[in-house]
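A.B. asks: I have a structure I would like to understand better, so I am pasting it below and will then ask my questions one at a time.
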Amino acid sequence: MQLLTSCNLTFDIQVPTPFVLMLRPRSGAQQWVAREEYKLEPGVPAFEFTDSYGNLCQRLIAPPGIFGVYTAAEVVTQDWVDQAPGAPFVEVEYLPDGVLSYLLPSRYCESDRFGQMATEITAGQWLGYDQVQAIESWLKANIRFEPYDSDIQLSATEINERGWGVCRDLSHLGIALCRSLSIPARMVVGYLYGLEPMELHAWFEAYVGGQWYTFDATQAELKGGYVAIGYGRDAADVAVFNQFGPPVTVRSQFVSVQRMETS
């Protein structure tokens, strides 16, 4: 399917403020970026770099006053999500070098605390994809999804204790459970066509059977229409913006995903 995604942000800036933005999707195995628009108001110099996870990031200094970031992209993505029940567990010694960092505990995914719990959740499952699918099913049944954004960043341990969370929270817990079984897992932030209410979305991927597969405990079933913006160990790596210095006010945030007619 061909999607038109957009994310518009406006800030109230008091003093010149350094920003690192992450709002450009990149073409990859499951999506192709056909066209992009990226506008800053007022216009300021921006410098792009690729972070250690391969995400496209932009550095700039926002001037005092109202500052806007307006982005749009036409993205061709799959009508379905790849699924592979029975895909095998990959022994750690055979994992690609770039995947190894997704085995380790991280700021919001304390995987070293979930070994027994993950073992119980996945008891009787084939090692690999089926274990992750069992984790996804357990999250749907036991952690209540609240779709409204929360400014409070919580860890997987805290979400497990609380019993509910936003999309990034369920992803953090899913990631921690996977890593505790030596299954590499990473967070993804981006867009999802048909998401209600419409907002930036977070889900997780697990590496089994020699590739990354999508899992999303916030949706009743996996469907097409995912557009990835960034990948990382947890939410600390995939913030669409980071600002440094005195706090700024987010005046507005507008997210849209529309399906485009194709001839």
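A.B. asks: Counting only helical runs of four or more DSSP H residues, what would the 222 nm mean residue ellipticity of the chain come to if each run contributes -39,500 (n - 2.57) and the total is spread over all its residues?
C.D. replies: When only DSSP H runs of four or more count, the value is -5000 deg cm²/dmol.
A.B. asks: If each of TRP126 and TYR70 carries a label point 7 Å out from its Cα toward its Cβ, how far apart are those two points in nm?
C.D. replies: For the pair TRP126/TYR70, the computed spacing is 5.1 nm.
A.B. asks: Report the longest stretch of the chain that contains none of the GluC sites (Glu not before Pro) sitting in a DSSP loop with at most 10 other Cβ atoms within 10 Å.
C.D. replies: With GluC sites (Glu not before Pro) excluded where exposed in loops, the chain gives 92-220 as its longest stretch.
A.B. asks: Taking a label point 7 Å from the Cα of LEU95 along the Cα→Cβ vector, which residues of the stretch 194-212 have an amide N closer than 13 Å to it?
C.D. replies: Within reach of a label on LEU95, which here means backbone N under 13 Å from a point 7 Å along Cα→Cβ, the stretch 194-212 contributes 206-212.
A.B. asks: Ratio to report: Rg/Rh of the chain, with Cα atoms as the point set and Rh obtained by the Kirkwood method; give two decimals.
C.D. replies: My calculation of the ratio gives 0.97.
A.B. asks: Here's another thing I want to ask about it. So if each residue of separation counts as 0.36 nm, and I subtract the Cα-Cα distance between ASP79 and ILE61, what length gain in nm does that give?
C.D. replies: This chain segment gains 2.6 nm when fully extended.
A.B. asks: Another question, if that's okay. Using Cβ counts within 10 Å as a stand-in for footprinting exposure, how do TYR226, TYR70 rank, fewest first?
C.D. replies: In increasing order of surrounding Cβ atoms, one gets TYR70, TYR226.
A.B. asks: Shifting gears a bit: Hey, what angle do you get for helix 129-142 against the long axis of the chain, alpha-carbon based, 0 to 90 degrees rounded to 10?
C.D. replies: 70
A.B. asks: Another question, if that's okay. Within the stretch 188-216, which residues have the backbone N less than 16 Å from the label spot 7 Å out from SER137 along Cα→beta-carbon, could you tell me?
C.D. replies: The answer is 215-216, whose backbone nitrogens lie closer than 16 Å to the label point.
A.B. asks: Any chance you could get the radius of gyration and Dmax over the Cα atoms of the stretch 112-263, in Å?
C.D. replies: In order Rg, Dmax, the Cα atoms of the stretch 112-263 give 16.0, 53 Å.
A.B. asks: Which residues in the stretch 50-70 have a backbone N closer than 15 Å to a point placed 7 Å from the Cα of VAL44 along the Cα-to-Cβ line?
C.D. replies: Flagged as within label range: 58-70.
Just so you know, all these numbers are worked out from the coordinates, no wet-lab data involved. The structure presented is a predicted model; accordingly, all values stated were derived computationally and were not measured. Note that we place each Cβ from the backbone using ideal geometry, even for glycine, and neighbour counts take in every protein chain shown.
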